[in-house]
Structures are given as structure tokens and as C-alpha cells.
1. Only one residue in E76, E132, E113, E119 is out of contact with any Ser or Thr (no Cβ under 7 Å at 6 or more places or on another chain), of a type in the set (D, E) and closer than 24 Å to G189 by Cα, so which one is that?
2. Sort through R70, R52 and tell me the only one that's of a type in the set (D, E, K, R), outside the structural domain of A177 (by TED's automatic domain parsing) and over 25 Å from G176 (Cβ atoms).
3. Filter the range 29-56 down to the residues that are within 20 Å of the chain's Cα centre (by Cα) and among the aliphatic types (A, V, I, L, M) and list them by number.
4. Can you tell me how many residues in the range 125-174 are without any contact (Cβ under 8 Å) to a residue 40 or more places away in the chain and of a type in the set (G, A, S)?
5. Look through L34, L2 and report the one residue that is touching a residue at least 40 places away in the same chain (Cβ under 8 Å), farther than 23 Å from F125 by Cβ and assigned to a loop (DSSP other than H, G, I, E, B).
6. Taking the stated definitions as given, is R159 within 23 Å of F4 (Cβ to Cβ) and charged (D, E, K, R)?
7. Which pairs do you get when a residue that is within 11 Å of L2 (Cβ to Cβ) and surrounded by 12 or more Cβ atoms within 10 Å (Cβ to Cβ), found in the range 196-207, comes within reach of a residue that is acidic (D, E) and modelled with pLDDT of 90 or more, reach meaning Cβ atoms under 9 angstrom, with the pair 6+ apart or on two chains?
8. For the subset of the range 72-102 comprising residues that are assigned to a loop (DSSP other than H, G, I, E, B) and without any contact (Cβ under 8 Å) to a residue 24 or more places away in the chain, which member is surrounded by the most Cβ atoms within 10 Å (Cβ to Cβ)?
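The values are calculated or read from the model by the stated rules, or taken from the named source; none is laboratory data. Worth saying up front: this structure is predicted, and the values here are computed from it rather than measured. We place every Cβ from the backbone using ideal geometry, glycine too, and count neighbours over all the protein chains shown.
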Amino acid sequence: MLPFDVILFDIGGVLLTNSWDVRERAEAAQRFQLEETSFQARHAEIAELWERGGMTMGAYLDFVVFHEPRSFSRDEFVTCMLDQSKLLADSAMSILKGLAASGQYLVGALNNEARELNEYRLKAFGLRSYFEVTLTSCYLGLRKPDLAIYQRAIDILGRPPERILFIDDRPENVTGARDAGIVALRYTGSDALRSDLARLGAVQAAD
């Protein structure tokens with residue numbers, strides 16, 4: 001018997017780079033000559049609402065960037081935001097592809113992301129080819145590491161939590177999943193993940 005019914009991946013920090021975290025925002029601030037402290041602070045005020053699907057990218061940009069006249073266009077700034085997304089240097093993408101191709105598990109995503117960035121990343125990197133379900137904060141109205149998002153995922157999947165494996169790079173998200181009864185691994189690199197999958201008895205699907 002396989003050890004799990006479902007394997008869920010975080011995206012940023014496991015498969016791809018983060019899309020719009022502190023480093024990415026700092027690069028954008030430098031490129032567009034924004035005052036970084038104010039820019040980061042305005043982002044922090046509404047980031048959770050945006051990631052929970054409570055506002056559009058247009059409204060986000062109005063508050064964070066275009067609350068005053070700028071010498072650049074909205075399209076230029078959005079392009080910069082999207083360009084931040086890249087394949088992670090030590091990505092778990094090959095492991096994801098192997099698990100999806102095996103047909104042995106329901107494979108999906110459990111991630112925090114604003115709708116526009118999430119949908120861009122799913123499309124640009126072909127992730128929907130491997131994910132059967134995308135449990136994203138912007139769709140669920142909840143964010144990791146809140147216990148409620150893991151409980152909602154369990155309800156949607158209809159599987160016992162101990163039959164769900166979750167992979168994330170952030171300790172607080174791993175802890176949140178474990179508190180909900182989900183088996184969770186912290187991602188520190190593809191080789192370590194393969195070893196963890198072997199230890200848990202999922203090695204055949206990960207090869």
C-alpha cells in the first residue's frame with residue numbers, strides 16, 4: 001500500500017523562486033527608483049488581503065506604487081513583477097514531474113499567492129500539467145500558516161490528514177500542516193527530498 005493518497009507542493013522556494021517577496025520587491029524598488037522603506041511598508045499593509053484574493057492587482061498597485069505620479073507605466077511595473085519568477089536553482093520540479101507521471105498520487109499545490117501572480121506562474125511554467133488541484137490562498141481566502149487553510153485543504157481533498165504529504169520550504173508552514181495532522185516535510189533541496197521520500201516509502205513514485 002502506498003504511504004499517501006495526496007502529495008502537495010508549495011511553489012515558491014520549492015519549485016520556483018518566490019514571486020514577490022522582500023528580495024524581489026527590493027529589486028523592483030531599485031530598478032524603478034522607489035523609496036524602498038515606504039514601498040515595502042505599503043506592501044505589508046495590504047499583502048495578506050491581496051494574497052487572500054480580497055483585492056485585484058490593479059487595486060494593489062494603486063495603493064503600493066501608483067498612489068503618486070510615476071515616470072513609468074503600470075505595464076512596465078507588472079512586467080518587472082512577472083519577470084521575477086524563475087525556476088529555482090535546486091528545484092523539486094523533476095520530482096514533481098515524476099510523481100505526476102507515476103499516476104500513484106493525487107498531486108497538487110498548497111501555496112500562498114495573489115491571483116494574478118499565481119495564474120501567471122501556473123501557466124508560464126506549465127504547472128497545471130502536473131497539478132490536479134491548486135489550493136492557493138487567493139482561491140481559498142486563507143493563508144499559510146493559519147490552521148484553517150490546512151483544514152480546508154483536508155475537507156476539499158476528502159482524505160484523512162495522515163494520508164496527505166505536504167512539502168514546503170518555510171518552517172512555520174511545515175509546523176502549521178503538522179498541527180492539522182498532515183505529514184509535512186521541509187524542503188531544503190532536491191536530494192534531501194528524494195531521501196525523505198525514500199524514508200517515507202514513496203521512493204518508487206519519486207524515481
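1. Working: E76 fails: closer than 24 Å to G189 by Cα; E113 fails: out of contact with any Ser or Thr (no Cβ under 7 Å at 6 or more places or on another chain); E119 fails: closer than 24 Å to G189 by Cα.
After ruling out the rest, the residue left standing is E132.
2. Every option except R70 fails the conditions.
3. A44, I46, A47, L49, M55
4. Residues that pass the stated criteria total 4.
5. On the way: L34 fails: touching a residue at least 40 places away in the same chain (Cβ under 8 Å).
Going through L34, L2 in turn, just one is touching a residue at least 40 places away in the same chain (Cβ under 8 Å), farther than 23 Å from F125 by Cβ and assigned to a loop (DSSP other than H, G, I, E, B): L2.
6. On the way: within 23 Å of F4 (Cβ to Cβ): yes; charged (D, E, K, R): yes.
Taking the combined requirement at face value, the residue satisfies it.
7. A202/D196
8. Filtering the range 72-102 down to residues assigned to a loop (DSSP other than H, G, I, E, B) leaves 72-73, 84-86, 88-92.
Checking the rest, the ones that are also without any contact (Cβ under 8 Å) to a residue 24 or more places away in the chain come to 73, 89.
Values: S73: 10, A89: 7.
Checking each candidate, the answer is S73.
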